[in-house]
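Reading through the structure tokens given below for one structure.
The values are calculated or read from the model by the stated rules, or taken from the named source; none is laboratory data. All figures in this text were calculated on a predicted structure; none of them were measured in a lab. Cβ coordinates were reconstructed from backbone atoms using ideal geometry, including for glycine residues, and neighbour counts include every protein chain displayed.
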Amino acid sequence: MITIPTLNELKTDIIADLELEYSMTIPLFGKSWIRTLAYVQAGKLWLTYKYMGLVQKNILPDTADSESNGGTLERFGRIKLGRNPFPATQGIYTLQLTGTSGTVIPVSTTFKSDSNSLNAFYLFILDNQFTLNGTDIITVRALTSGLESQLAVGNTLTITSPIGGLDSTATVLTESIVPQSREPLEDYRAKIIESYRLEAQGGAGADYRLWSFEAQGVKQTYPFASSGLVNVVDLFIEATTADSTDGKGTPTNTIMSAVEESIEDPTALRPSRKPLTIDVSYQAITPLDVDIDITGFTGSTSEKILINSAIEEYLSNVRPFVSSIDVLSEKNDIFDTNKLIFVITSTVVGVVFTGVKLIVNGNILTTFTFLNGDIPYLNSVNYV
């Protein structure tokens, strides 16, 4: 492990080496050009150390930088996952508009979302020429990828270049294809690391998780043998926060279908992966609201903010334990009042409070184990 010295440390070492070599003391003033030379050499060595540190950082995926910053993370992903991070995708919408029958709407006609839309002032394009038949429906595509341009049913758009015989305003009827955000690099990194740890076994729990990583919008999956059924796998799917339906990890139908396709549908490069004798039940995770009451707290507002962030971060790592995949030493599926107290006291040393109350899904508890598709979501932290 390379420790990068500071410029001053390098300069001091160089001067010490010269003084030892020539049995002399280099003066601070007067004819001290050797000190200037030491400063120059220290700068060169420091740059060399920085380069060595960069190389060291990028030889393993857990610390590698993105290629956009000169790193190797995506290279590891292409080797192990067979892909780059998923890019943001464009939403596709059907619009209802009114005009004179026979009016031709040219290809590449654009509409701009109005100020009262879910996301205002984004452009949407018509990919094919369309001939209007009175009140009619067209399909447009967002020019901006990702959730930042997403529209809701009932939002209105205005045509950017008026066309004779066509009303300027159109209304969103349906969201034909839900846009998805770019895959976060840290989620991508976590999948790369997990793919190195898991071994393909022809239908074991690890395989379902690895296969699911090929579907965009998936953060994690939890495969379990279905209780009371033979040869049935319950696969609980957790979406990334941005791509979930509720900001809590509940996957969209698009993400659920993408996971099923990854596991069951053959492609030009591979057959279907699902073992012949197994049925898979694709299910969304169930977010459970976690509310926390901290009584008798005497700290400051800034300390409350630190505690809230620490609790949220801790809960983000509490997940169902899949014995066929996860490492026993890393088992973290239980949250209780003792752990809550530990998080609080380790975040703000010397903090004063009289007690804590843990409320999971509306029930006051001292401990709770998250099983199957149960996922904790921090709903509130109250100081009472």
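One table, with the values for the structure above:
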item: Single match in F297, F342 (criterion: surrounded by 14 or more Cβ atoms within 10 Å (Cβ to Cβ) and of a type in the set (F, W, Y)); result: F297
item: Search result, residues across the range 261-282 that are within 19 Å of G217 (Cα to Cα) and either surrounded by 18 or more Cβ atoms within 10 Å (Cβ to Cβ) or touching a helix residue (DSSP H, G or I) at 6+ places or on another chain (Cβ under 7 Å) (or both); result: S262, I263, Y282
item: Residues located in the range 1-25, provided they are farther than 30 Å from T63 by Cβ and surrounded by 11 or more Cβ atoms within 10 Å (Cβ to Cβ); result: I15, A16, D17, L18, E19
item: In the range 61-81, the residues that are in contact (Cβ under 8 Å) with a residue 24 or more places away in the chain, in a loop (DSSP other than H, G, I, E, B) and surrounded by fewer than 20 Cβ atoms within 10 Å (Cβ to Cβ); result: D62, S66, L81
item: Any hit, the range 40-58, residues being under 43 Å from the mean Cα position of the chain (by Cα), at negative phi and part of a loop (DSSP other than H, G, I, E, B); result: yes
item: Residue list for the range 84-102, restricted to those being more than 34 Å from the chain's Cα centre (by Cα) and either buried (at least 18 other Cβ atoms within 10 Å of the Cβ) or not in a loop (DSSP other than H, G, I, E, B) (or both); result: Q96, L97, G99
item: Matching entry among I263, I255 (being outside any loop (DSSP other than H, G, I, E, B), touching a strand residue (DSSP E or B) at 6+ places or on another chain (Cβ under 7 Å) and within 20 Å of A204 (Cα to Cα)); result: I263
item: Criterion (among the small types (G, A, S) and in contact with a Lys or Arg (Cβ under 8 Å, 6 or more places away or on another chain)) met by exactly one of G91, G102, G70, G82; result: G91
item: Residues (at pLDDT below 95 and of a type in the set (D, E, K, R)) located in the range 280-328; result: D326
item: Search result, residues across the range 82-126 that are touching a Phe, Trp or Tyr at 6+ places or on another chain (Cβ under 6 Å) and of a type in the set (A, V, I, L, M, F, W, C); result: I105, F111, F124
item: Flag if T89 is out of contact with any helix residue (DSSP H, G or I) (no Cβ under 8 Å at 6 or more places or on another chain) and within 26 Å of W211 (Cβ to Cβ); result: yes
item: Pick from the range 186-202, criterion without any contact (Cβ under 8 Å) to a residue 12 or more places away in the chain and under 17 Å from the mean Cα position of the chain (by Cα), ranking: surrounded by the most Cβ atoms within 10 Å (Cβ to Cβ); result: A190
item: Output for the range 6-23, where each listed residue is outside any helix (DSSP H, G or I) and more than 14 Å from Y39 (Cβ to Cβ); result: S23
item: Residue identified as at pLDDT below 95 and buried (at least 21 other Cβ atoms within 10 Å of the Cβ) among G217, G228, G205; result: G205
item: Residue in the range 40-53 that is touching a helix residue (DSSP H, G or I) at 6+ places or on another chain (Cβ under 7 Å), surrounded by 14 or more Cβ atoms within 10 Å (Cβ to Cβ), modelled with pLDDT under 90 and in the same structural domain as G70 (by TED's automatic domain parsing) present; result: no
item: Some residue of the range 14-34 being in contact (Cβ under 8 Å) with a residue 24 or more places away in the chain and either β-branched (V, I, T) or in the same structural domain as G146 (by TED's automatic domain parsing) (or both); result: yes
item: Given (1) aliphatic (A, V, I, L, M); (2) touching a Lys or Arg at 6+ places or on another chain (Cβ under 9 Å); (3) touching a residue at least 40 places away in the same chain (Cβ under 8 Å), index of the condition L315 fails; result: (2)
item: Test result for F121, in contact (Cβ under 8 Å) with a residue 60 or more places away in the chain and either assigned to a strand (DSSP E or B) or under 29 Å from the mean Cα position of the chain (by Cα) (or both); result: no
item: Options E148, E183; residue that is loosely packed, with under 15 Cβ neighbours inside 10 Å and not basic (K, R); result: E148
